[in-house]
Amino acid sequence: MKRLTKKQMWIFAVGQLGWSILGGIINTWLVTFYLPTNADIEAGAVQFIQPGLVILGFLTVLGLITALSRVFDAVTDPMIASLSDRSKNKRGRRIPFMQYSAIPFAVVTVLLFCAPVNAISGINVAWISVFIVLFYLFMTMYCTPYNALISEFGKTQEDRMYISTAISLTYFAGTLLAYTPFLFAGMLRSSVNFNWSYRICFIVLAVIALVAMLLPTFLLNEKEFVDTEPTNANMFKSLASTFKNKDFRTFVGSDLMYWIGLTLFQTGLPFFVKVSMELDEFYVTVFMGAMTVLSACFYPFVSKMVKKFGKKKLTITGFLGLALAYLVTAMINIIPLPGIVYGVLICVIAAFPMALLGIIPQSIVADVAEAEGVTTGENREGMFFAARTFSMKLGQSIAMLAFTSFAIIGTTQNLNSNDITASPLGLMIVAFAAVAFCVLGAVILMFYNEKKVMKTIAKKEDSEFLVAVETNDTAEEKK
C-alpha cells in the first residue's frame, strides 16, 4: 500500500484543525455564554437557565447537564468505534463516517448556543440537554475514525511521529481560533446585541471548521493507503478485548491523570491571572498564546528526541515538566514576586512538556493498537482511540467539577451567583492537585512495556526508534 506524502499528512492534519475549533468553542464558551457573570448581564447578556450552584450546593444546572452527557459518551464512544472497525464500506472504514458527520457536527455546535427562550426557562434546559448530547455524538462520529487513521496512515514510526506532530500543531491552532471571540465579539456589539455578537463569531468559526473537516475526506482516498480487514467482533467483545491489553490499561490510567491535571490548570488560568497574579484578564490570552507559540518551537525536535530516548521516557519527562510548572503556579501566594514574572516563568517551563505531551501520546495509542492487531489479527484501532477519547472527556469533566469545589475553599460563595469567588488558598489547592495528578500519571506510565510493543510492530524503517528503546532499557537495568 502507498505511504502518505508529507503534503498528504498535512491535508489529514487539517481535519484536526476543524474539530478542535468546534471542541474549543464548547470548552471555552459554553459556561461563559450560559452562566454569564454580573458584569456580562449588565452588558446585555441574557440568562437562559437557572443561575448559581443550585444542584446539591456545588453544581450548576449546566454542570449537571454536561456531567450526564458523559454517561451518554460511555455508550456512544465504543459504539461508534465498533461500527467503524466493522465497516465494509467500499470507500474505507473511516472516511465515510468523517464525511457524513462533519456537517451536523458544525451545525449542532452553533445551535447549542441558540436557546429559543430569551429568559430563564425549562425549555432552554431541554434544548441545551439535547444539543450537548448531539454535539458529543457527532464529535465521536468524526474524531474516533479520524484518530484511528493515525495508526493506519502511519506506516512507519517516522510517519507516525510526523502525523502526530502535524495534528498537534493544528489542534493548538484550532484551540487558539476558538479564543478569537474574545477579540471580535465586542467589535460587533455596535450592530447586534450581546448574545448575537458571540453567535456570529461561532457561525464564522463553524464554517471554517466544516471546510477543514471535509478537506481530508475529499482529498484523501483511504483505500489507497489502508488495506485492513474489518473486525467481526461486536461492541462488547471488542471493548472487553481492548481493555484486556495490559499496556493499554496502563496508558489510559496515565492519560486520565494527564487530562485531569491539564484541565485543572487550563480552567483555572483566568483565575490564576486575575486573582493570584493580580493582572488584567487580557494576560490570559497573552500567556496562553505565548505558551502555545513557544511550545510549537520545540515540535521539530520531538521526533529526533524520540529516536534517541524513546516515547515512554519523554512522556514521563513531559508529566514531570508540567508538574513543575504547576508547582510554580502554587507558589504565587507563597513567594512574593510580580505577577508578570510568574506568568513568564510558567510559560517557559510548560512549553516543552506541552510539546512532548501534545505529540507523543497519540503515537503511543497507535503503537499499542497496531501491536494488538499483529498479535490477535483483529484491527480494532477505532476502539483503542475511542477509549482514549473517553478518558480525555472523563478527565476534563472530573477536573471541572473538582475546580469548582477547590477554588472556592476559603470564601463565602453566593450560591445564587454565577461568579465563582475563587480565593488564593483555593487556587493554590487547585495547583497542588494538578501537580499530584501529573506526578501520578508519570508513575503509572512507568509500568508501560514500551520495549515489548515496539518489538511487536517494528519494521526495518523503525530501527532507530527500536534501538533507542533497547538502549534505555539496558541503561535502566544497569541502574
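Assorted remarks:
- Close pairs from segment 424-446: first in contact (Cβ under 8 Å) with a residue 40 or more places away in the chain, partner open to solvent by 60 Å² or more (accessible area, probe 1.4 Å) and of a type in the set (S, T, N, Q), Cβ under 6 Å, at least 6 apart: Pro424/Asn333; Met428/Asn333
- Residues that are on the phi < 0 side of the Ramachandran plot and in contact with a Lys or Arg (Cβ under 9 Å, 6 or more places away or on another chain), drawn from segment 34-49: Ala43
- Total residues in segment 225-265 satisfying the condition of being surrounded by 19 or more Cβ atoms within 10 Å (Cβ to Cβ) and free of Cβ contacts under 8 Å to residues at least 24 places away in the same chain: the figure is 0.
- Residues of segment 276-305 that are in a helix (DSSP H, G or I), surrounded by fewer than 21 Cβ atoms within 10 Å (Cβ to Cβ), in contact (Cβ under 8 Å) with a residue 60 or more places away in the chain and of a type in the set (A, V, I, L, M): Met288, Ala296.
- Within segment 253-269, the set of residues being more than 15 Å from the chain's Cα centre (by Cα) and closer than 17 Å to Ala330 by Cβ comprises Gly268, Leu269.
- Pairs meeting the criteria (first residue in segment 128-152 and within 21 Å of Tyr34 (Cα to Cα), second residue charged (D, E, K, R) and modelled with pLDDT of 90 or more, beta carbons under 8 Å, at least 6 apart or on different chains) are lacking.
- Test: residue in segment 3-10 that is at pLDDT 80 or above and open to solvent by less than 40 Å² (accessible area, probe 1.4 Å): yes
- Where Ala351 falls short, out of the listed (1) open to solvent by 20 Å² or more (accessible area, probe 1.4 Å); (2) under 21 Å from Thr170 (Cβ atoms): (1)
- Once segment 436-470 is narrowed to residues that are β-branched (Val, Ile, Thr) and modelled with pLDDT under 95, the residue that is most open to solvent (accessible area, probe 1.4 Å) is Val467.
- Selection of segment 178-188 for residues being part of a helix (DSSP H, G or I) and crowded, with 20+ Cβ neighbours inside 10 Å yields Pro181, Ala185.
The values are calculated or read from the model by the stated rules, or taken from the named source; none is laboratory data. Predicted model, so just to flag it, every value in this text is computed and none were measured. Note: ideal-geometry Cβ built from the backbone for every residue, glycine included; neighbour counts use all protein chains shown. Surface accessibility is based on the protein's heavy atoms, side chains included, excluding ligands, DNA and RNA. Shrake-Rupley method; radii C 1.70, N 1.55, O 1.52, S 1.80 Å.
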